[in-house]
1. Could you figure out which of (1) of a type outside the set (Asp, Glu); (2) more than 18 Å from the chain's Cα centre (by Cα); (3) open to solvent by 60 Å² or more (accessible area, probe 1.4 Å); (4) at pLDDT 80 or above isn't true of Ile216?
2. From the set of residues in segment 55-73 that are open to solvent by 50 Å² or more (accessible area, probe 1.4 Å) and free of Cβ contacts under 8 Å to residues at least 40 places away in the same chain, which is nearest to Ala144 (Cα to Cα)?
3. Gly190 versus (1) without any contact (Cβ under 8 Å) to a residue 40 or more places away in the chain; (2) closer than 14 Å to Ile157 by Cβ; (3) open to solvent by less than 20 Å² (accessible area, probe 1.4 Å): which is the lone unmet condition?
4. Being under 19 Å from the mean Cα position of the chain (by Cα) and not aliphatic (A, V, I, L, M) is true for just one of Phe81, Phe100. Which residue is that?
5. May I ask you to say which residue of Gly84, Gly91 is farther than 16 Å from Leu249 by Cα and either touching a residue at least 60 places away in the same chain (Cβ under 8 Å) or surrounded by fewer than 19 Cβ atoms within 10 Å (Cβ to Cβ) (or both)?
6. Please work out which residue is modelled with the highest pLDDT, limiting yourself to segment 226-269 and to residues that are surrounded by 12 or more Cβ atoms within 10 Å (Cβ to Cβ) and outside any helix (DSSP H, G or I).
7. Just the residues that are modelled with pLDDT under 85 and either crowded, with 19+ Cβ neighbours inside 10 Å or not in a loop (DSSP other than H, G, I, E, B) (or both), please, taken from segment 104-131.
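The values are calculated or read from the model by the stated rules, or taken from the named source; none is laboratory data. Note that the structure is predicted; figures quoted are calculated from it, not measured. A quick note on method: Cβ atoms are made from the backbone with ideal geometry, for glycine too, and the neighbour counts reach across all protein chains shown. SASA here: full protein model, heavy atoms, side chains in, ligands and nucleic acids out. Shrake-Rupley method; radii C 1.70, N 1.55, O 1.52, S 1.80 Å.
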Amino acid sequence: MNSQIIEEYNHRPKNWFYYLLIFIVLLAVSIWSTSVVHYHGVSEHGALIAKNIFTGIFHPDTSLMFNLTETGLPYLLLQTFAIGLLGTLVGAIVAIPLSFLAATNLVPNWLAYLIRFVLMAIRTIPSFVYALLFIPVVGLGSSAGVMALGFESIGMIAKLFIEAIEDLDMGVIEAMDAAGATTFQKIHFGVLPQLLPDLYSILLYRLDMNLRDAAILGLVGAGGIGAPLSFAMSGYKWSAVGAILLGLLVLIILVELISSRIRKKLAKG
C-alpha cells in the first residue's frame with residue numbers, strides 16, 4: 001500500500017514550471033507597481049498633526065454627540081441610514097425584474113446576455129460618480145444620495161440574484177406543472193420559497209455596503225454625514241471628527257448585529 005502511494009506521488013503532475021511562471025509574473029508586476037508609486041516621507045509637522053488627530057478622535061466632542069437638532073450627530077446618522085435604506089430599496093425595485101430577464105434558465109440566451117451587459121455597464125460606475133451626475137439633476141442633498149446608491153445597487157443586487165434564480169430547483173416547478181398548478185401557484189409555492197431567503201440576504205448585505213457609501217457621498221453634497229465630516233477635517237476639528245466616526249461605528253455595528261440575526265433566522269428557515 002505504501003509503495004503504491006509512493007509510486008503515485010512520484011508520478012504526480014509536475015507543475016513547478018507553471019508555479020514559477022506565476023511567481024515571476026507577480027514579482028514583475030510588483031516591481032513595476034513600486035516604480036509608479038512615489039513616497040516622499042513624512043512632512044515637517046506630520047508627527048504633530050498625527051498626534052493631534054488621534055488625540056481628537058479619542059476625545060470626541062460630546063456636545064455634537066448629544067445635539068438633537070438637525071446639525072447634531074443623531075439626526076445626521078438617521079439621515080445617513082435613511083439614504084442607505086432608500087438607496088437599497090430603489091436598487092432592488094429595478095434589479096429584481098431585470099434579474100428574471102437576465103436568467104438563462106428563464107429567458108432566451110440573447111435577451112439574458114443583453115440585460116447582463118446593461119447591468120455590467122451600470123455596475124462599472126462607482127456611486128461617487130453617480131452622485132456627481134445626479135446633483136445637477138436633483139440638486140444638493142439626500143435625494144442625490146438616494147439616487148446614486150440606488151443605481152449603484154442595481155448592478156450588485158441583480159448579479160447575486162441572477163445566480164440565485166439560475167440555481168432554482170426546476171424539478172419542483174415541473175412537478176407542480178404536471179399536477180396542474182396554475183402560474184400563480186407555481187410562483188407562490190415553487191419559486192418564491194426558494195428565492196426569498198437569498199433575496200433578503202442579498203438586500204441586507206447591500207444595505208450594509210450602502211451605509212458606508214452614504215457616509216462618503218456627503219463629501220460631494222449628496223446628503224448624510226459626509227459633509228460635516230469633511231468640514232470638520234478641513235477645519236482641523238478632530239474632536240468633531242472623533243464624534244462622527246464613533247457615531248458611524250455604532251450605527252454600522254447595530255446594523256450588522258441586526259442583519260446577522262436575520263440571516264441566521266433565514267438560514268434556519
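1. Result: Ile216 passes all but (2).
2. That would be Glu70.
3. (2)
4. Step by step, each of Phe81, Phe100 is checked, and only Phe81 is under 19 Å from the mean Cα position of the chain (by Cα) and not aliphatic (A, V, I, L, M).
5. Result: Gly91 is the single residue among Gly84, Gly91 that is farther than 16 Å from Leu249 by Cα and either touching a residue at least 60 places away in the same chain (Cβ under 8 Å) or surrounded by fewer than 19 Cβ atoms within 10 Å (Cβ to Cβ) (or both).
6. Ranking the qualifying residues of segment 226-269, first place goes to Lys237.
7. Across segment 104-131, the qualifying residues are Ser127, Phe128.
Rundown of residues vs (1) at pLDDT below 80; (2) in a helix (DSSP H, G or I); (3) in contact with a Phe, Trp or Tyr (Cβ under 7 Å, 6 or more places away or on another chain), yes/no style:
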{"site": "Leu133", "(1), (2), (3)": "no, yes, no"}
{"site": "Val137", "(1), (2), (3)": "no, yes, no"}
{"site": "Val146", "(1), (2), (3)": "no, yes, no"}
{"site": "Asp177", "(1), (2), (3)": "yes, yes, no"}
{"site": "Gly180", "(1), (2), (3)": "yes, no, no"}
{"site": "Leu195", "(1), (2), (3)": "no, yes, no"}
{"site": "Leu204", "(1), (2), (3)": "no, yes, no"}
{"site": "Leu207", "(1), (2), (3)": "no, yes, no"}
